[in-house]
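The values are calculated or read from the model by the stated rules, or taken from the named source; none is laboratory data. Bear in mind that the values here come from a model prediction, so they are computed numbers and not experimental data. Backbone-built Cβ (ideal geometry, glycine too); neighbour counts: all protein chains shown.
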Amino acid sequence: LWINTTLRIIWLPSLRVGSIPAARTISKMFNMRTSIFAAALLQVGCFSASIPHFSPIENDLPNREPKLHHLVFCWLKDSGNSEHRSRIIQVCQEFDKIPVVLGLEAGEVVSSDRSIVEDGYDVGMLIIVKDEEDLQRYLDHPIHRKAKTEVLLPLVEKIVVYDFKSP
């Protein structure tokens, strides 16, 4: 549409509209501009496909490394206390310093009206490690032990943990 509009604005006033030579000239110019535009798109497409992390499909390839996902859900002694929730989330960010941790997320519960959704907890955490051995290294690490002793145990009434492997 932009090319077509540009052709009309730039080229049509200089040609006699309705004449055969004008139609041929416009057709040639349009085809040349379309070819240049298509070549540019192709080049940009090839370039962007070679940049890592641009393609969401790349992350879904079946030959990726298996990982263990450690999900932790916490119910606070003082349920709903935003200061306590923030403190737990803050201390979880320290887990990123543990060498075996490949990824982590922590956040507050999202309330839901759907009966299938468990939204009675206060804070959820996801810690990703390579395997069971790395999970044990994470659990035994001084940063984790300190967070558990100084923050989690004093503030949390109940903890539920789910561990699973991804292929």
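Observations on the model:
- If you go through the stretch 106-131 and keep only what is outside any strand (DSSP E or B), surrounded by 18 or more Cβ atoms within 10 Å (Cβ to Cβ) and in contact with a strand residue (DSSP E or B) (Cβ under 6 Å, 6 or more places away or on another chain), you end up with TYR121, ASP122.
- Condition met for GLU65 (assigned to a strand (DSSP E or B), surrounded by fewer than 18 Cβ atoms within 10 Å (Cβ to Cβ) and within 21 Å of the chain's Cα centre (by Cα)): no
- Qualifying residue in the stretch 112-125 (condition: of a type in the set (Val, Ile, Thr) and within 24 Å of the chain's Cα centre (by Cα)): yes
- Unmet requirement for PRO99, which otherwise passes all of (1) surrounded by 12 or more Cβ atoms within 10 Å (Cβ to Cβ); (2) more than 16 Å from LEU152 (Cβ to Cβ): (1)
- Within the stretch 81-106, being touching a helix residue (DSSP H, G or I) at 6+ places or on another chain (Cβ under 6 Å) and either closer than 20 Å to LYS165 by Cβ or modelled with pLDDT under 95 (or both) holds for ILE98, VAL100, VAL101, LEU104.
- Residue list for the stretch 135-167, filter: aliphatic (A, V, I, L, M), loosely packed, with under 13 Cβ neighbours inside 10 Å and either part of a helix (DSSP H, G or I) or at pLDDT below 95 (or both): LEU153
- Listed conditions (1) outside any strand (DSSP E or B); (2) at pLDDT 95 or above are all met by SER48, apart from (2).
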